[in-house]
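Working notes for the structure below.
The values are calculated or read from the model by the stated rules, or taken from the named source; none is laboratory data. All values derive from a computational prediction rather than experimental measurement. Ideal geometry is used to build each Cβ from the backbone, glycine not excepted, and the neighbour counts take in all protein chains shown.
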Amino acid sequence: MEREEGGTHIVLAHEVDFATWRQAVRYHVARGTKPEELSWSVLKSADVFGQNVSQPVWTIPEAGGALTLPRSLVERLVLAIQVNDPDRFSRLYRLVYRVVHGGLDLQQSNGDPDRLQVDQWVARVKQETAAFRQAFAAYYRNGGRGAWYCETHNYILEANAAFCRARVAETWMVHTPYRSMKWDGHALLFGEGGQTPSVWQPDATWPWDGYPNTVLIPTEVERQQAKTLDQLGAEAMDCRSCALWKPAQRTVFGEGPVTAQIMLVGEQPGDQEDKAGHPFVGPAGQVLDSALKDAGLIRSDVYVTNAVKHFRFTWRGSHRLHQKPEQDNITACRAWLDAERRLVKPALIVMMGVTAAQSLLGRPVTISRERSRTFDLAPNVQGLVTVHPSYLLRLPNPSDKQREYARFVEDLKLAQQCMTVKL
């Protein structure tokens with residue numbers, strides 16, 4: 001922060017240095033600094049990432065107390081600071097100043113010029129963020145590796161770092177015209193932007209914090225209007241319909257072709273699925289893969305998902321132990337399962353375990369009574385109830401395990417026959 005004749009100039013570390021901007025706003029709003037007395041600028045990328053710069057220094061004195069703002073305003077600030085407009089820092093400060101010192105009521109100010117401008121910025125950022133997330137998910141779902149280049153018009157990359165890490169747990173790298181971002185499996189690094197992966201310089205990166213985190217909680221309308229699985233899966237990353245999103249690392253969405261004739265529904269992701277971001281990759285997933293092969297099915301031909309998309313667990317020492325999801329978790333996640341069904345349009349849904357069966361049938365289920373027969377689940381959709389693969393892992397007697405595994409394979413063969421008929 002530099003004092004200039006007639007005002008104060010504040011230098012931010014990068015285009016979405018929300019931490020410094022917020023600190024400056026707290027300080028100057030508390031002091032009553034008028035908007036016209038402040039000016040703002042951003043360090044150039046070369047100054048931040050240059051090899052001769054150990055760390056940029058930008059110090060703002062701490063304000064006397066916290067600044068209390070309406071939640072709706074804070075949500076607007078987080079998004080609007082990402083817009084590519086040099087006037088955003090001043091305009092956003094002026095809006096905050098007017099709310100605190102001018103009595104501006106955001107609920108009654110639809111025609112206010114500052115409010116209108118900020119709402120336009122928010123809409124632009126939301127639109128580009130949604131497109132970025134869907135394209136990112138599609139690129140890596142389709143086998144993309146290494147660096148992905150994405151044309152951006154706003155400064156949205158940093159604010160979507162949490163989304164990218166949640167959607168793709170494996171290593172990835174994204175390049176935009178203004179910034180590059182890399183997840184190496186351990187740390188998140190930023191570098192200068194450019195149009196080719198060759199611009200990435202490992203010795204000129206910055207593991208900074210202080211950027212905003214964009215959270216786009218999906219509405220039911222958005223869920224119903226999703227046209228692709230990539231769009232639906234991207235929306236699910238910010239689901240807050242039940243409390244499981246807080247302890248879990250990520251939403252583990254379904255995987256498989258949209259043309260799949262068979263949908264396999266399990267209970268919930270486990271520890272390894274929560275870490276990897278893919279359904280059925282742990283011990284139960286290995287049993288499932290083996291059984292599918294023995295039944296004449298190929299994993300990549302079926303759609304695999306869970307009734308609940310977050311991992312519910314309890315800590316025992318340093319280990320996370322599976323806990324059965326509660327009914328409110330199942331009910332909250334049913335909307336995502338319905339949306340997957342709408343897009344995939346499977347001919348047969350295999351319900352693996354009690355949780356999956358109860359979610360889809362909407363009633364108490366006893367596996368032994370419902371198992372190993374096909375029945376009409378909905379118009380043009382059949383259902384099949386069977387055990388969850390983890391049940392086989394819990395059987396202590398080898399002969400029981402062998403017998404039940406064979407029954408599980410037979411159930412999947414029924415599914416395979418249904419697929420053959422539908423084709």
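Is it the case that region 201-216 has a residue that's surrounded by 12 or more Cβ atoms within 10 Å (Cβ to Cβ), modelled with pLDDT under 90, touching a Gly at 6+ places or on another chain (Cβ under 8 Å) and in a strand (DSSP E or B)?
Yes, the conditions are met somewhere in region 201-216.
Return the total of residues in region 304-323 being over 23 Å from the mean Cα position of the chain (by Cα), of a type in the set (Phe, Trp, Tyr) and not in a strand (DSSP E or B).
Summing the residues that are over 23 Å from the mean Cα position of the chain (by Cα), of a type in the set (Phe, Trp, Tyr) and not in a strand (DSSP E or B) in region 304-323 gives 0.
Among helices (runs of 4 or more DSSP H) lying entirely in region 1-95, which contain 2 or more residues that are at pLDDT 90 or above and surrounded by fewer than 18 Cβ atoms within 10 Å (Cβ to Cβ)? Full working, then the answer.
Values: elements: 18-31, 45-49, 71-80.
In region 1-95, the matching helices (runs of 4 or more DSSP H) lie at 18-31, 71-80.
The conditions are (1) at pLDDT below 95; (2) in contact with a Pro (Cβ under 8 Å, 6 or more places away or on another chain); (3) not aliphatic (A, V, I, L, M), and Gln358 fails exactly one of them. Which is it?
(1)
In this structure, does Asp301 turn out to be under 17 Å from Leu229 (Cβ atoms), surrounded by fewer than 17 Cβ atoms within 10 Å (Cβ to Cβ) and either in contact with a strand residue (DSSP E or B) (Cβ under 9 Å, 6 or more places away or on another chain) or free of Cβ contacts under 8 Å to residues at least 24 places away in the same chain (or both)?
For Asp301, the condition - under 17 Å from Leu229 (Cβ atoms), surrounded by fewer than 17 Cβ atoms within 10 Å (Cβ to Cβ) and either in contact with a strand residue (DSSP E or B) (Cβ under 9 Å, 6 or more places away or on another chain) or free of Cβ contacts under 8 Å to residues at least 24 places away in the same chain (or both) - is met.
Pick from Ala123, Ala138, Ala131: which is modelled with pLDDT of 90 or more, of a type in the set (Gly, Ala, Ser) and in contact with an Asp or Glu (Cβ under 7 Å, 6 or more places away or on another chain)?
Ala138
So the check is Cβ under 7 Å with 6+ separation or different chains; which pairs have a first residue in region 210-237 that's touching a residue at least 12 places away in the same chain (Cβ under 8 Å) and β-branched (Val, Ile, Thr) and a second one that's surrounded by fewer than 20 Cβ atoms within 10 Å (Cβ to Cβ) and assigned to a loop (DSSP other than H, G, I, E, B)?
Val215/Asp238; Ile217/Asp238; Ile217/Arg240
What is the one condition in (1) farther than 26 Å from Gly32 by Cβ; (2) over 31 Å from the mean Cα position of the chain (by Cα) that Val99 does not satisfy?
With respect to (1) farther than 26 Å from Gly32 by Cβ; (2) over 31 Å from the mean Cα position of the chain (by Cα), Val99 is out only on (1).
Go through region 137-191 and give me each residue that's among the β-branched types (Val, Ile, Thr), in a loop (DSSP other than H, G, I, E, B) and under 20 Å from Gly277 (Cβ atoms).
Val168, Thr171 - these are the residues of region 137-191 that are among the β-branched types (Val, Ile, Thr), in a loop (DSSP other than H, G, I, E, B) and under 20 Å from Gly277 (Cβ atoms).
Output the number of residues of region 150-162 satisfying the condition of being touching a strand residue (DSSP E or B) at 6+ places or on another chain (Cβ under 7 Å) and surrounded by fewer than 17 Cβ atoms within 10 Å (Cβ to Cβ).
Residues that pass the stated criteria total 1.
Could you say whether any residue in region 136-151 is of a type in the set (A, V, I, L, M, F, W, C), free of Cβ contacts under 8 Å to residues at least 12 places away in the same chain and either more than 30 Å from Gly193 (Cα to Cα) or in contact with a helix residue (DSSP H, G or I) (Cβ under 9 Å, 6 or more places away or on another chain) (or both)?
no
May I ask you to say which residue of Asp338, Asp274 is acidic (Asp, Glu) and either over 25 Å from Val365 (Cβ atoms) or in contact (Cβ under 8 Å) with a residue 24 or more places away in the chain (or both)?
The unique qualifying residue is Asp274.
Only one residue in Thr331, Thr355, Thr366 is surrounded by 19 or more Cβ atoms within 10 Å (Cβ to Cβ) and hydroxyl-bearing (Ser, Thr, Tyr). Which one?
Thr355
Only one of Pro389, Pro364 is at pLDDT below 95 and not hydrophobic (A, V, I, L, M, F, W, C); which?
None of the other options fit; the residue is Pro364.
Being free of Cβ contacts under 8 Å to residues at least 60 places away in the same chain and of a type in the set (A, V, I, L, M, F, W, C) is the filter here, so list the residues in region 277-298 that pass it.
Scanning region 277-298 gives Val281, Ile298.
Could you list all residues from region 323-351 that are over 18 Å from Pro218 (Cα atoms) and polar (S, T, N, Q)?
Gln323, Gln327
Out of all the residues in region 72-87, is one or more farther than 17 Å from Pro212 by Cβ and touching a residue at least 40 places away in the same chain (Cβ under 8 Å)? Explain how you work it out, then say what you get.
In the first step, residues of region 72-87 are kept if they are farther than 17 Å from Pro212 by Cβ; the result is 86-87.
Add one more test, that the residue is touching a residue at least 40 places away in the same chain (Cβ under 8 Å), and what stays is none.
Scanning region 72-87 turns up no residue that is farther than 17 Å from Pro212 by Cβ and touching a residue at least 40 places away in the same chain (Cβ under 8 Å).
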